[in-house]
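Each remark here refers to the structure printed beneath this line.
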Amino acid sequence: MTDGNSKRRHTPFLLYGVLMFTLGIAIYLLGVLLVVPRYLLGLHALLDPVAVWLVWYSGVPIMLGIGLALFDLLILFGGKKPDTPVRFEPVQRRRVTVALTAYNDESSIGAAVEDFLSHPLVERVIVVSNNSSDRTLDRAIEAGAIGYDELRPGYGRCVYRCLQEGVEYLDTEFVVLCEGDSTFRAYDIEKLLAYAPHADIVNGTRTVEPLRQYITQLSTFMFYGNIFVGKLLEAKHLGRGTITDVGTTYKLCRRDALVKLLPRLNPAVNLEFNAHFLDTALGEGYVLLECPITFHPRVGQSKGGNVNNWRSFAVGMRMILGMLNDWKKPA
C-alpha cells in the first residue's frame, strides 16, 4: 500500500543534472571530433572557431549538471527518501493470473501458454492479441488460454488491456504481465513472488549477465541504453527504487494496486509504455522492486523496440521525454 509521504512531488534535480552533464559531454566530444574535417578537408578557417566554441562552452552544462546533482544528493535527498519501515505484507494465496501480450506470435504463443499453465502457481493464462493478422489468438485458445483481441493498434493498448482483464479475477492476489514470444519463462514466477511481500510491483530485470542468454534481440547498445534510461528514472524518483530495466514486460503486480493505478495510465503511449507504467507507479507512491529474471531469444521476428538500434534509440528518447513532461502529449 501507499502512504501520504511517498506521494509528495519533488523537483527531480538529479535527473536534470544528469541530462545536463550528458549534454555537456556530447557537446565537448562534438567539438573534439571536428578535428577530422578540419585537418582532412582543410576547413580550419570555417571550423576552428566552431570547435573552440563547442569545447569551451561545453563546460557550462557540465558544471551546471554537477551542481544540480550535488544539490539533490547532498541537500535534498534526506527529504525525498520515504521514512518508512521496510515493507512486509505476507502473501495470502500464492496463485497468480498471467496475462500475455501477443502480436503475430503464432509460432510461439502456444508453447508460451502451455509453459505458464503448467506452473503450479498459475490459476489461468490470458492472452491479448493486438489485432494479429495470423492465427495467434486461435493458437492461444487451443493451448488453453482465455483469449481477447485488442483491435486498437499499439503495444501500450495491448499491455493495458492485459492488465484490465487480469484485475477482473478476484481469486488471485497478483497479476503477472509477460509476453507470448518465449523470451521469458514461467519458472521465474517463483522469484517474482519471493519479492512480493515487499512491493506493489516486482519488475523483472534482464540485466544480470548469467541469466541472459548470450544471443538475444537485445543488442549491446540496447542493453546499456536500457540501463541508462533506468538510472534516469531512478534519479527522477530519488530514494524510491533501484532501476536497471525500463523495457521489460515481465512483472508481477498486486491486484489492489493495479485497480487504483490503471486510471492513471495512458494506453495510447506505445513502445515506451513500460517506462510510463513504472514512472506513474512511482509517482503515485507505489513500492517498486526489481527481480533478476532469465532472458531468452525470441521465437519469430521482433516487432517492438528491439527491431534495430536506431528504433531502440528513438524509443529511449521518447521515454526520456515522457519522464520530463510527465507523459503529456506535446501541443
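Just so you know, all these numbers are worked out from the coordinates, no wet-lab data involved. If you're wondering where the values come from, they're calculated on a predicted model, not measured in any experiment. Here the Cβ positions follow ideal geometry from the backbone for every residue, glycine too, while neighbour counts run over all protein chains shown.
A cut-off of 5 Å between modelled amide H atoms, ignoring neighbours fewer than 5 places along the same chain, links residue 147 with 127.
Once you wrap a convex hull around the alpha carbon atoms of the chain, what is its projected area averaged over all directions, in nm²? Each step should come with its number before you reach the end.
Details: hull surface 78.2 nm².
The number I arrive at for the chain is 19.6 nm².
At a threshold of 8 angstrom on Cα-Cα distance, excluding pairs fewer than six apart, so keeping six or more, what relative contact order does segment 108-157 reach in percent?
Answer for segment 108-157 is 39 percent.
Out of 281, 263, 293, whose Cα points farthest toward the positive end of the dipole of segment 236-306 (charges: +1 Lys, Arg; -1 Asp, Glu; placed on Cβ)? Farthest towards the positive pole: 263.
When the C-alpha to C-alpha distance is required to be over 21 Å, the pairs from 191/251; 81/251; 231/251; 191/231 that qualify are 81/251; 191/231. Compared with the dominant principal axis of the Cα atoms in the chain, helix 220-236 is inclined by about 90°. When only the Cβ of Lys, Arg, Asp and Glu is charged (+1, +1, -1, -1), the dipole of segment 54-102 relative to its Cα centre reaches about 440 debye. Given in Å, the Rg to one decimal and the Dmax to the nearest whole number for the Cα atoms of segment 5-80 are 17.7, 61.
Remind me, relative contact order of segment 5-80 in percent, using alpha carbon pairs under 8 angstrom and six or more residues apart? Relative contact order, segment 5-80: 50 percent.
Dipole of the chain computed with +1 at Lys/Arg Cβ and -1 at Asp/Glu Cβ about the Cα centre; of 180, 151, 71, farthest Cα towards the positive end is 71. About its Cα centre, the chain has a charge dipole of approximately 800 debye under the convention of +1 per Lys or Arg Cβ and -1 per Asp or Glu Cβ, with nothing else charged. Computing FRET efficiency as 1/(1 + (r/R0)^6) for residue 190 and residue 32, where r is the C-beta to C-beta distance and R0 is 51 Å, gives about 0.55. Once both labels are positioned 7 Å from their Cα atoms along Cα-to-Cβ, the gap between residue 149 and residue 301 label points is 2.2 nm. Relative to the dominant Cα principal axis of the chain, helix 155-166 is inclined by about 30°.
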